[in-house]
Amino acid sequence: MKYVTTITDEAVLLTLKFAKHYGPLRCVRERAHSLLLSNRGFTLEQIAEILEIRYQTASQWIDDWEEYGIRALYKGHGGGRPCIYDESEVQRIKELVAEEPRRLSYVKSKIEDETGKSSSKITLANIVKKQGWFTKDSVNHANINGTKSNSMTVKLL
């Protein structure tokens, strides 16, 4: 049977208990819960049944814990298509947005001329949002049926 190496450090146990109850993401709470259950002697089958996950998933979480420690609570890259622009091009997009923050169409045409790569305004808006910035176009893209979301703070450049 596979179990987590016994966790004796009180700080780690306290961190896992806190993550189980107050983790920012469901995956963090589930992983912390599975590690605590394994530490208490539950089998992988029991953990899988309790958390309603596959046996292999519970096994992978334990392997990740043994290899990465507390960082294993968080997922890595969640998938999705890689960005078509490299770091230098993203930097150039940031510069162009700083010049013309309310005109992603200008940024789009300028970056297409410079790189020869075609993308949508939504792709550029997503790059800008990843940087923690919001443009008028990316805010409009986030609006649903013309209603503004009051739950997010928007920094217009």
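Quick grid of which residues meet (1) outside any helix (DSSP H, G or I); (2) open to solvent by less than 90 Å² (accessible area, probe 1.4 Å); (3) under 17 Å from LEU73 (Cα atoms); (4) out of contact with any helix residue (DSSP H, G or I) (no Cβ under 6 Å at 6 or more places or on another chain):
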| position | (1), (2), (3), (4) |
| --- | --- |
| ILE7 | yes, yes, yes, no |
| LEU13 | no, yes, yes, yes |
| PHE18 | no, no, yes, yes |
| PRO24 | yes, no, yes, yes |
| ILE53 | yes, yes, yes, yes |
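If you go through region 55-102, how many residues are part of a loop (DSSP other than H, G, I, E, B) and closer than 21 Å to ALA19 by Cβ?
Going through region 55-102, the residues part of a loop (DSSP other than H, G, I, E, B) turn out to be 74-86, 100-102.
So of that shortlist, the ones also closer than 21 Å to ALA19 by Cβ come out as 74-78.
Total meeting the criteria: 5.
Where residues in region 91-102 are buried (at least 17 other Cβ atoms within 10 Å of the Cβ) and aliphatic (A, V, I, L, M), which of them is farthest from GLY132 (Cα to Cα)?
LEU96
Results for (1) more than 24 Å from the chain's Cα centre (by Cα); (2) β-branched (Val, Ile, Thr); (3) modelled with pLDDT of 85 or more, shown as yes or no for each residue.
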| position | (1), (2), (3) |
| --- | --- |
| ILE62 | no, yes, yes |
| GLY78 | no, no, no |
| TYR85 | no, no, yes |
| SER88 | no, no, yes |
| ILE122 | no, yes, yes |
| ASN140 | no, no, no |
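Quick one: what pairs do we get from region 112-130, first residue in a helix (DSSP H, G or I), second of a type in the set (Val, Ile, Thr), C-beta under 7 Å, 6+ apart or different chains?
LEU124/ILE93; LEU124/VAL107; ALA125/THR135; ILE127/VAL90; ILE127/ILE93; VAL128/VAL97; VAL128/THR135
The values are calculated or read from the model by the stated rules, or taken from the named source; none is laboratory data. Just so it is clear, the model here is predicted, and its values are computed rather than measured. Cβ: placed from backbone, ideal geometry, glycine included. Neighbour counts: every protein chain shown. Side chains are part of the model used for accessible areas, which takes the heavy atoms of the whole protein and leaves out ligands, DNA and RNA. Shrake-Rupley method; radii C 1.70, N 1.55, O 1.52, S 1.80 Å.
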